[in-house]
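No lab work stands behind these numbers, since they all come straight from the coordinates. For clarity, every value in this text was computed on a predicted model and none was experimentally measured. Here the Cβ positions follow ideal geometry from the backbone for every residue, glycine too, while neighbour counts run over all protein chains shown.
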Amino acid sequence: MNRIQKATKATAWLPALLILAGLTVTNSTVRAEGRRYDDSLAAGMYNGTFAFTVEHTYDAPTQEMPMNYYSLRAEEVVGTIRFRADGNGKVSGISVRVPSFNYNVVASQTVTVPKDSQGEWNCTGSSSYAAGMGTVSGGSGLMGAPPLVPASFDFYTKPVKFDPGDPWGRVSLTGKCPVKGDSKAFIEMVKWDINSLPSNPWTFKTTWQGFQSAGGTCSNGSWLTANRSISCNWAAYSGGYRRKTAPG
């Protein structure tokens with residue numbers, strides 16, 4: 001039985017979180033297939049925001065455990081984006097930052113217990129909750145490379161590393177149990193899961209463009225799996241125009 005399976009039976013199996021901050025890329029052209037204008041962006045400094053929600057939901061019951069569910073979410077996290085474009089629409093560098101972010105995890109399990117197998121006890125499952133404020137590090141410096149796919153004019157970042165911070169959590173057992181829920185082990189598993197994720201770059205795809213504005217979607221390969229999802233949008237403006245949040 002591997003580490004995750006053991007953690008599942010101990011009611012402490014949790015998903016891991018991945019969020020972006022402090023990133024830089026270089027020498028990309030801000031254009032898109034669906035742009036509003038045929039010309040490149042006007043020269044100048046562009047400021048904007050991006051907003052995203054990530055979720056990792058797992059539901060895998062077994063014969064002995066008819067309920068085995070968890071869900072981790074970081075909702076509507078807002079970061080800032082800043083870059084300078086020259087007269088040809090070339091971007092000399094892009095800086096993306098996210099402040100500390102909040103996340104939470106819920107988990108619930110139900111265990112099938114044979115009749116009279118526990119004596120005076122009747123411990124049949126658990127419900128767990130954790131929450132924390134994470135931080136990020138790394139990601140700065142110039143990539144020194146063209147967009148991932150030259151025809152799509154995407155930005156992409158250097159890898160970043162995530163820190164779960166100091167989360168708190170609780171485990172509540174269901175029924176009459178001989179022991180209490182192990183909240184400390186639950187919290188340590190949350191931290192282990194987040195720390196175990198490798199550093200990974202993000203992609204910022206340009207899907208629309210104006211004369212002094214551009215925007216699109218953002219994604220991370222670590223969230224493109226069956227159990228994970230990400231929803232992310234970004235927008236940046238020049239000419240004195242500012243927007244507090246990225247469009248949905």
Worksheet item: Does at least one position in segment 203-218 carry a residue that is within 15 Å of Ile81 (Cβ to Cβ), in contact (Cβ under 8 Å) with a residue 24 or more places away in the chain and in a loop (DSSP other than H, G, I, E, B)?
Response: yes
Worksheet item: Just wondering, is there one or more residues in segment 159-171 that are acidic (Asp, Glu), free of Cβ contacts under 8 Å to residues at least 60 places away in the same chain, touching a helix residue (DSSP H, G or I) at 6+ places or on another chain (Cβ under 9 Å) and within 22 Å of Thr80 (Cβ to Cβ)?
Response: yes
Practice prompt. Quick one: in segment 113-128, of everything that is in contact with a strand residue (DSSP E or B) (Cβ under 8 Å, 6 or more places away or on another chain) and either surrounded by 15 or more Cβ atoms within 10 Å (Cβ to Cβ) or β-branched (Val, Ile, Thr) (or both), which residue is farthest from Cys177 (Cα to Cα)?
Written response: Ser128
Discussion item. Criterion first (surrounded by 20 or more Cβ atoms within 10 Å (Cβ to Cβ) and either under 24 Å from Ala185 (Cα atoms) or basic (Lys, Arg) (or both)) does Gly79 satisfy it?
Written reply: no
Worksheet item: Residues in segment 158-202 that are closer than 24 Å to Pro99 by Cα, in contact with a Cys (Cβ under 8 Å, 6 or more places away or on another chain) and assigned to a loop (DSSP other than H, G, I, E, B): how many?
Response: 0
